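Remarks on the structure that follows.
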Amino acid sequence: MTRSYDEERLGELLRLLRPAPEGWVRAAQELPFARLTLDEIVARAEADLEFRAALIADLEATLARAGYEPDLRVVSELKKRYAES
Amino acid sequence: MTTPSTLSDEELVQRCRAGDPDAWGELVERYSRYVYAICVKGFRLSEEDAEDVFQDVFARVFTRLDTLRDAAALRPWIAQLTRRRCLDAISGGGKEQSTAEIATAEATDMEEIDEAFAVREAVATLSDACRDILDRFFAQDQSYRTISEELGLPSGTIASRIARCLRKLRDELEGRNEAPEGSRRER
């Protein structure tokens, strides 16, 4: 299909794709790192029953004691995994 | 504004699948405005709902990238994931609009958003200076004065630069009308 564009139309289309808030983009870009952290915590919990029990008892405090930065996605995923343990 | 890479979507997907975090960062950068536009322009979600959908869409793309059969079909796949999550957000929020009303309004907007995405891909082929000034003026709503101050350009030249870059963009787009589908990211 052949389309022609005048300046006004190009301006309208350029205005349509505005930048998403920087924090949203950064959080999405950090997903691989959150995944690595999650995998590390899960592996440790599988190898260390005491650590696993502590996670189930008080997730946030255990993560803080173990030196993990509070990442909402990681915490949320761990809660899902260990809530019914 | 970051410099867009020359990788095709297919190459980008392959690198993400291989675990390259830089490629993932580029994928998010390439599609963040698109997903955002579907949320706030296509479905008129609130910023709060849009943020939830935005994060969830990229989380799904990240975890399900291996299930995408045709890596070149990344854009329609992301569009579909985003539309579904937007509809979930609307139905979960108890909005009174009917699904048919939403679908009609959204279909029109999606055509425009897809066209805007194609225009943005064409912008990526322009010079750094053109990409920057067009983005500042149109997508970031910066005034001539702000652009002039931030780029150190005489304010009287901003309008003519924008007009010149728009002409280049139009030439690029009209040159693509006859171009084969696979050649869009070639320089």
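Where the centroid of each part is defined by its Cα atoms, how far is the stretch A:1-41 from the stretch B:14-29 in Å?
Comparing the Cα centres of the stretch A:1-41 and the stretch B:14-29, I get a distance of 14 Å.
Dipole magnitude of the protein assembly as shown about its Cα centre, charges +1 at Lys/Arg Cβ and -1 at Asp/Glu Cβ only, in debye to the nearest 20? Each step should come with its number before you reach the end.
Details: 40 positive and 54 negative charges, 79 e Å.
It works out to roughly 380 debye.
Every cysteine in the protein assembly as shown with no other Cys Cβ under 4.7 Å from its Cβ, please list them in numeric order.
Cysteines of the protein assembly as shown left without a disulfide-compatible partner: B:16, B:39, B:86.
Take the alpha carbon gyration tensor of the stretch A:34-75, find the square roots of its eigenvalues, order them as a ≥ b ≥ c, and report rounded if a/c is under 1.5; if not, report prolate when a/b exceeds b/c, else oblate. Working shown, then result.
On the way: a/c = 1.94, a/b = 1.20, b/c = 1.62.
Note, shape of the stretch A:34-75 comes out oblate.
Pick out the long, greasy-scoring helices in chain A: whole DSSP H runs spanning 20 Å or more along their own axis by Cα, mean Kyte-Doolittle at least -0.5.
On the way: long enough: A:31-47 (24 Å, 0.49).
Those that pass (Cα extent of 20 Å or more, hydropathy at least -0.5) are A:31-47.
Note down the Stokes-Einstein diffusion coefficient of chain A in µm²/s, whole number, using a Kirkwood radius over alpha carbon pairs, 20 °C, and 1.002 mPa s. Don't jump to the answer; show the numbers that get you there.
Numbers: Rh = 15.9 Å.
In µm²/s, the coefficient rounds to 135.
For the pair residue B:144/residue A:44, report the inter-label distance in nm, with labels modelled 7 Å from Cα in the Cβ direction.
Each label point is offset 7 Å from its Cα along the Cβ direction, giving 5.8 nm.
Where a number appears in this text, it was derived from the coordinates with a stated rule and is not lab data. What you see is a predicted model, and the numbers here were worked out from it, not measured in a lab. All Cβ positions, glycine included, derive from the backbone under ideal geometry; neighbour counts span all protein chains shown.
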